[in-house]
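**Student:** I have a structure I would like to understand better, so I am pasting it below and will then ask my questions one at a time.
The values are calculated or read from the model by the stated rules, or taken from the named source; none is laboratory data. Everything numeric in this text was worked out from a predicted model, so none of it was measured. FYI the Cβ positions are ideal-geometry reconstructions off the backbone, even for glycines, and counts take in every protein chain you see. Quick note on the areas: whole protein, heavy atoms, side chains included, nothing else; ligands and nucleic acids left out. Shrake-Rupley method; radii C 1.70, N 1.55, O 1.52, S 1.80 Å.
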Amino acid sequence: MFFEKLRRFMYGRYGTDTLNLVLLVAGLVIAFIGQFTRFWPLTIVAYIFYIYAIFRMLSRNIPQRQKEYYSFLKVWTPLQKWFRIRVAAFRERKQYKYFKCPNCHQQLRAPRGRGKIVVTCQRCHKQFNQKT
Ligand SMILES: [Zn+2]
């Protein structure tokens with residue numbers, strides 16, 4: 001009964017996405033820092049994040065919310081990719097050496113312990129020496 005009412009209430013509204021999740025988590029982190037440092041304006045900033053997330057969730061202006069979401073993804077996707085590479089590089093630090101192509105900055109990796117090798121970049125096909 002409750003979920004049926006909620007479903008009807010949410011009909012035609014934007015709902016939630018990764019941006020809302022990030023806003024809520026960022027709000028929680030800011031509120032936590034505010035509590036920890038006893039710097040009260042941070043609590044207001046946290047509430048602004050929450051209110052914005054709730055506003056987006058209940059909004060009926062779906063095209064505008066999608067536009068915000070795509071702008072957000074332009075920043076979020078490279079950040080996520082950067083973080084995933086860091087995690088993978090740490091997890092595989094004993095098996096692989098991670099480095100960038102000096103020409104196009106493509107992220108590359110090579111097995112460790114092979115000494116000095118000649119690497120050919122997969123993206124731009126430039127060859128360079130790399131210590132592994
Ligand atoms: Zn390259």
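**Student:** Which one of Y70, L108, G34 has its Cα pushed farthest toward the positive end of the charge dipole of the chain, where Lys and Arg give +1 and Asp and Glu give -1 at the Cβ?
**Tutor:** It is L108.
**Student:** Can you pick out the pairs among K94/K131; K94/K126; K100/K131; K81/K131 whose Cα atoms lie more than 19 Å from each other? Can you show the working numbers first?
**Tutor:** On the way: K94/K131 14 Å; K94/K126 26 Å; K100/K131 12 Å; K81/K131 25 Å.
Checking Cα-Cα distances, K94/K126; K81/K131 exceed 19 Å.
**Student:** Here is a follow-up. Go from 0 up to the bin containing the longest alpha carbon distance in the chain, width 5 Å each, and give me the % of pairs per bin.
**Tutor:** 2, 9, 12, 12, 12, 10, 9, 9, 10, 8, 5, 2, 1, 0
**Student:** Find how much the distance from M10 to H105 grows on full extension, using 0.36 nm per residue of separation minus their present alpha carbon separation; answer in nm with one decimal.
**Tutor:** Working: separation 95, 0.36 × 95 = 34.20 nm, distance 4.48 nm.
Using 0.36 nm per residue and subtracting the Cα-Cα distance, I get 29.7 nm.
**Student:** Something else: Percent relative contact order of the chain, based on C-alpha pairs within less than 8 angstrom and at least six residues apart? Please report the intermediate quantities before stating the final value.
**Tutor:** Values: 125 pairs, mean separation 21.8, N = 132.
Dividing the mean separation by the residue count of the chain yields 16 percent.
**Student:** Give me the dipole magnitude in Debye, nearest 20, for the stretch 6-126 about the Cα centre, with unit charges on the beta carbon: positive for Lys and Arg, negative for Asp and Glu. List each step's numbers first, then the result.
**Tutor:** Details: 23 positive and 3 negative charges, 150 e Å.
Rounded to the nearest 20 debye, it is 720 debye.
**Student:** How would the stretch 13-91 be classified by its alpha-carbon gyration tensor: rounded, prolate or oblate, with rounded meaning a/c under 1.5 and the a/b versus b/c comparison settling the rest? Show your work: numbers first, answer last.
**Tutor:** Details: a/c = 2.86, a/b = 1.03, b/c = 2.78.
Here the stretch 13-91 falls in the oblate category.
**Student:** In whole percent, and with a 1.4 Å probe on the protein chains, what portion of the accessible area of the chain is carbon and sulfur? Show your work: numbers first, answer last.
**Tutor:** Numbers: 6610 of 10390 Å².
Within the chain, the accessible surface is 64 percent carbon and sulfur.
**Student:** Another question, if that's okay. Suppose only helical runs count, i.e. DSSP H with n ≥ 4. What mean residue ellipticity at 222 nm does that imply for the chain under -39500 (n - 2.57) per run, divided by all residues and rounded to the nearest 500 deg cm²/dmol? Don't skip to the answer; put the middle values down first.
**Tutor:** On the way: 4 runs with 77 residues, N = 132.
Estimated from H runs of four or more residues: -20000 deg cm²/dmol.
**Student:** Once phi is turned into ³J(HN,Hα) by the Karplus curve 6.51 cos²θ - 1.76 cosθ + 1.60 with θ = phi - 60°, what whole-Hz value does each residue of the stretch 101-106 show in order, with x for glycine and proline?
**Tutor:** Running phi through 6.51 cos²θ - 1.76 cosθ + 1.60 with θ = phi - 60° gives 5, x, 8, 10, 6, 5 Hz.
**Student:** Grab the beta carbon distance between R84 and V29, set R0 = 22 Å, and tell me the FRET efficiency rounded to 0.05.
**Tutor:** Numbers: r = 20 Å, r/R0 = 0.93.
About 0.60, to the nearest 0.05.
**Student:** For the stretch 93-132, what is the relative contact order in percent, using Cα pairs closer than 8 Å and at least 6 residues apart in sequence? Before the final figure, lay out each step's value.
**Tutor:** Working: 61 pairs, mean separation 14.0, N = 40.
Normalised by residue count, the contact order of the stretch 93-132 is 35 percent.
**Student:** A follow-up question, please. Search the structure for amide H atoms under 5 Å from the amide H of R112, placed 1.01 Å from N in the peptide plane, and list their residues when 5 or more places away or on another chain.
**Tutor:** Under 5 Å from the amide H of R112: Y96, K97.
**Student:** Which helices of the chain meet both criteria: a Cα extent of 20 Å or more along the helical axis and a mean Kyte-Doolittle score no lower than -1.0, with helices taken as whole DSSP H segments?
**Tutor:** The answer, listed by residue number, is 18-37, 41-58, 62-91.
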